[in-house]
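Novice: Below is a structure I'd like to ask you about.
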Amino acid sequence: METHLSRTLVIISILLSVIGIIVIYSATRDETGLGTSRYMLQSMWFVAGIGVMYITSVLPIRFLQAMTIPVFVVVMILLVVVLASETVKGSSRWIRLGFIGIQPSELAKIAVIMALAQYLSQLRTNIHRPSVMATCGVIVALPVFLILSQPDLGTSIVFGAIFCGVLLWAGLSVLQLLLMVSPLIGVVIGVVSGFDWVIWSVFILIVAGIMYLKWPPRFVTVFLTVTHLAVGLGAEPLWDSLHDYQQQRVETFLNPQVDPKGAGYQIIQSKIAIGSGGLLGRGFLQGSQTSLAFLPEQHTDFIFSVIAEEFGFIGSMAVLILCYLFILIGIYIAMNVKSRYQSLLAAGCVSVFTFHVIMNVGMAVGVLPIAGIPLPFLSYGGSFLMTSLILCGLLLNVWRHRFDY
């Protein structure tokens, strides 16, 4: 069973990565039909990533635990360094080493997963204590703050998925987690309602009532109610502080037709590409949205649209089934290991992968806002591909040591 499951996980990772390289070639070829260097760079990252995935899969678990704090500190330093690096399209996200660009925010996902798993596995107290929640919040908030400063709203959202996924797996109830993140829900309600104070006040009263009835001690209710008030008062200034393109992404999600030639263009063209693929697709290199470059960022955020246009519903479903199997195997691994640390580590890896798949496909079909979330193994980006392969390596490592305590 060990060999079959590990082999299946590796095969899925390789299959998705190779499909990604092929689709990147289609999405970035030039007018003469020759490929650009992007697919070659992705291929180089893939080869290097396979090596790193293997190394990650055979490292001793105790070594991973011992490296948690050093890795976290180094990644935080890199996130500070990147703020002083060269800006690209108005943001500072990469550290350039010659022709190679490293994105520390991707490595931060791994560092946060390791830190949360290490902290929660060593707990000698109840996970529901406010001090535990506060510590977990600090672990996640530090990289999020630095990543938002780049600015990179999309990547910062992923850390919310890590936070929720790991805490749920650690024993926090869904209701308690919803109450914890309810201040953010309040911000969303404020944006959607145009910061209508009546609607927001009703929401606060409902949340306060639920907290009072369902989550003693009472000072937690008071603390979170005060937090809601603070967030509510700062929601509108926070919205005003967002970049125009970030506000447009939210507004476009609510109504893509509000600016069909501007902010809504990507969603509209993505839907056209997916719809034009039909059952079997237009064929490899035959996508009109791809070849005529109607769809922006088709090799990164909207690579699923290219797959749907060229390989149709059948090809799209094949990719989604592979993603589903990867997630299913990850959950199985998290459920069937003896060590709490390893279980939490696997849960964090699955949380990242699941969130990326749901968000990216949701963006492509227009049911979720455009947040710049790439598709694991498939989207162009060396750092992201490397991170995806490292996460796979961690899952392999956890399964390899599943009988350890």
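Novice: Out of the residues in segment 93-133 that are surrounded by fewer than 16 Cβ atoms within 10 Å (Cβ to Cβ) and at pLDDT 80 or above, state the one that is farthest from Val73 (Cα to Cα). Walk me through it before giving the result.
Specialist: Quick first cut of segment 93-133, residues surrounded by fewer than 16 Cβ atoms within 10 Å (Cβ to Cβ) only: 96-100, 122-131.
Now narrow it down to the ones that are at pLDDT 80 or above: 122-123.
On the way: Gln122: 19, Leu123: 21 Å.
This residue is Leu123.
Novice: Taking Val88, is it modelled with pLDDT of 80 or more, more than 18 Å from Thr387 (Cβ to Cβ) and not polar (S, T, N, Q)?
Specialist: Details: modelled with pLDDT of 80 or more: no; more than 18 Å from Thr387 (Cβ to Cβ): yes; not polar (S, T, N, Q): yes.
So Val88 fails the test.
Residues are listed down the side, and each one gets a yes or a no for (1) open to solvent by 70 Å² or more (accessible area, probe 1.4 Å); (2) part of a helix (DSSP H, G or I); (3) out of contact with any Pro (no Cβ under 7 Å at 6 or more places or on another chain):
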| site | (1), (2), (3) |
| --- | --- |
| Ser6 | no, yes, yes |
| Ile11 | yes, yes, yes |
| Val23 | no, yes, yes |
| Gly51 | no, yes, yes |
| Ile55 | yes, yes, yes |
| Arg62 | yes, yes, yes |
| Gln65 | no, yes, yes |
| Ile69 | yes, yes, yes |
| Met76 | no, yes, no |
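Novice: So, one more: Using beta carbons and a limit of 7 Å, which pairs, at least six apart or on different chains, have the first residue in segment 374-388 and open to solvent by 10 Å² or more (accessible area, probe 1.4 Å) and the second one among the basic types (Lys, Arg) and part of a helix (DSSP H, G or I)?
Specialist: Tyr380/Arg38
The values are calculated or read from the model by the stated rules, or taken from the named source; none is laboratory data. These figures come from a predicted structure and were not determined experimentally. Heads up, the Cβs are rebuilt from the backbone with ideal geometry, glycines too, and the neighbour counts pull from every protein chain shown. These accessible areas exclude ligands, DNA and RNA; they are computed on the full protein's heavy atoms, side chains included. Shrake-Rupley method; radii C 1.70, N 1.55, O 1.52, S 1.80 Å.
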